[in-house]
1. Does at least one position in the stretch 212-223 carry a residue that is surrounded by fewer than 22 Cβ atoms within 10 Å (Cβ to Cβ), part of a helix (DSSP H, G or I) and of a type in the set (A, V, I, L, M)?
2. For the stretch 40-95, give me the residue count where each residue is in contact with a Phe, Trp or Tyr (Cβ under 7 Å, 6 or more places away or on another chain), within 13 Å of V5 (Cβ to Cβ) and of a type in the set (V, I, T).
3. Output yes when any residue across the stretch 275-292 is in contact with a strand residue (DSSP E or B) (Cβ under 7 Å, 6 or more places away or on another chain), part of a loop (DSSP other than H, G, I, E, B) and within 14 Å of ligand 2 (Cβ to nearest atom), and no when none is.
4. Do we find that D320 is of a type outside the set (S, T, N, Q), surrounded by fewer than 18 Cβ atoms within 10 Å (Cβ to Cβ) and modelled with pLDDT under 95 in this structure?
5. Test each condition in (1) over 20 Å from the mean Cα position of the chain (by Cα); (2) farther than 27 Å from N361 by Cβ; (3) outside any helix (DSSP H, G or I) for V3 and report the one that comes out false.
6. Could you check how many residues of the stretch 268-310 are open to solvent by 60 Å² or more (accessible area, probe 1.4 Å) and closer than 27 Å to M221 by Cβ?
7. Criterion first (over 19 Å from the mean Cα position of the chain (by Cα), modelled with pLDDT of 95 or more and within 16 Å of ligand 2 (Cβ to nearest atom)) does L42 satisfy it?
8. Restricting to the stretch 368-384, count the residues that are buried (at least 16 other Cβ atoms within 10 Å of the Cβ) and either of a type in the set (A, V, I, L, M) or over 23 Å from the mean Cα position of the chain (by Cα) (or both).
Amino acid sequence: MKVIVIGGDGYCGWATALHLSNQGYDVGILDNLSRRYWDSKLGVDTLTPIAPIQKRIKRWQELTGKTIDLFVGDITDYSFLSQTLRQFEPEAIVHFGEQRSAPYSMIDREHAVFTQVNNVVGTLNILYAMKEDFPEAHLVKLGTMGEYGTPNIDIEEGYITIEHNGRKDTLPYPKQPGSFYHLSKVHDSHNIHFACKIWGLRATDLNQGVVYGVLTEETGMDEMLINRLDYDGVFGTALNRFCIQAAIGHPLTVYGKGGQTRGFLDIRDTVRCIDIAIKNPAEEGKFRVFNQFTELFSIKDLAEMVQKAGQAIGLKVEIDNLDNPRVELDEHYFNAKNTKLLDLGLQPHYLSDSLLDSLLNFAEKYKGRVDKEQILPTVSWHRK
Ligand code: NAD
Ligand code: USQ
């Protein structure tokens, strides 16, 4: 089966492309390599030294004999996108190719506009290319748990059944996202839902939680296949950041009280969720939504877990409660469903002492590459 991985040079996309290739899919990567450029413009770098995409793919072929096609270009360029899809002829389109940092989208007007144009136009172009040439293909789109915000009721998987004035309907779950980035995902969801309805396309929106970890079976095979691991205040995410902070002796940066609760998952489960979604495609005309996370944690609890795991290997780990640069509730109810992927066979890797231990050791190995100036958050949500 032919699968194109859009955003296949990124953190989730690279690990997924290799996993799918290893599973026997015929894989192509489409990426405009913009993430490497945004990093260099911000003056930040991944903890890990990632090789150029061409070298990564060549090494994969040397090690496994499997080839991955590469298409370097931008999905907001419709003619490039449609020509690439015609050349590759995908049966499934996995779409990771967006600007995915909430702080990046909140830097200023320019970054907010860029994020929404890049994400919304890119996804809309994919929908049109599918309608024109591949109406039977299955779109597997990365959404985010952050589309829902933190409502004071249980979060369902995409839809909620409501009774109102004696009538009943199943409707899209209300969305209350917390950044212009998270909003771009909501706009995408609406566009995909509409395209499925009017053109009969099939799509799965994977509302993914925060991903942690770095090694998968495939990226761990060779240094040249190493995945990116972001730790800076713009692209770094909570648990990965905390492990790297612990390794370099920086106090863990909990924003506000740390009662913010989010869904989390191991990157080894990200790649398997994508495989599961591809193997069980949505029906024609159906916009399906899965919540893709395996456990819920508060930020405070995560920081304490990293502190404990760090102390166990001799690190002195302090926790700092910084003024929250974001506008969000830092104490709230949060209970989200996540049974659909489990029902399709996902066997989660739960967060364990051994994973924290291996992530801390990994961070220690590359800590010489850390720029301490990049740890503290620099982007504020506030009006000032
Ligand atoms: P990433 O920044 O590491 O990778 C994204 C990739 O997409 C990059 O290689 C980038 O060059 C490419 N890209 C961006 N815009 C593009 C465009 N217009 N044309 C072609 N390529 C483009 O991000 P990631 O962490 O791998 O996230 C991948 C997806 O998963 C995103 O959509 C993100 O919203 C979603 N997600 C990520 C997380 C997480 O914790 N990392 C959690 C939930 C959801
Ligand atoms: N946080 C801290 N300290 C830090 C970093 C983050 O307290 O050093 C807090 C944030 O304030 C927030 C929570 O941790 O409340 C999560 O922040 P994050 O930076 O780990 O994740 P987020 O901005 O939500 O974005 C990440 C990915 C994004 C994805 C999202 C999934 O970058 O692409 O969509 O996780 S979710 O959070 O479920 O929406």
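1. Initial filter on the stretch 212-223 (surrounded by fewer than 22 Cβ atoms within 10 Å (Cβ to Cβ)): 215, 217, 220-223.
With the extra rule that they be part of a helix (DSSP H, G or I), the set shrinks to 220-221, 223.
Within this subset, residues satisfying the condition of being of a type in the set (A, V, I, L, M) are 221.
There is at least one residue in the stretch 212-223 that is surrounded by fewer than 22 Cβ atoms within 10 Å (Cβ to Cβ), part of a helix (DSSP H, G or I) and of a type in the set (A, V, I, L, M).
2. Counting residues in the stretch 40-95 that are in contact with a Phe, Trp or Tyr (Cβ under 7 Å, 6 or more places away or on another chain), within 13 Å of V5 (Cβ to Cβ) and of a type in the set (V, I, T) gives 2.
3. Looking for residues that are in contact with a strand residue (DSSP E or B) (Cβ under 7 Å, 6 or more places away or on another chain), part of a loop (DSSP other than H, G, I, E, B) and within 14 Å of ligand 2 (Cβ to nearest atom), one finds none in the stretch 275-292, hence no.
4. On the way: of a type outside the set (S, T, N, Q): yes; surrounded by fewer than 18 Cβ atoms within 10 Å (Cβ to Cβ): yes; modelled with pLDDT under 95: no.
It is false that D320 is of a type outside the set (S, T, N, Q), surrounded by fewer than 18 Cβ atoms within 10 Å (Cβ to Cβ) and modelled with pLDDT under 95.
5. (1)
6. Count: 3.
7. Working: over 19 Å from the mean Cα position of the chain (by Cα): yes; modelled with pLDDT of 95 or more: yes; within 16 Å of ligand 2 (Cβ to nearest atom): yes.
Yes: the conditions hold for L42.
8. Result for the stretch 368-384: 3.
The values are calculated or read from the model by the stated rules, or taken from the named source; none is laboratory data. Note that the structure is a prediction, hence the values are computed from the model and not measured. No Cβ is skipped: glycine too gets one built from the backbone with ideal geometry, and neighbour counts run over all protein chains shown. These accessible areas exclude ligands, DNA and RNA; they are computed on the full protein's heavy atoms, side chains included. Shrake-Rupley method; radii C 1.70, N 1.55, O 1.52, S 1.80 Å.
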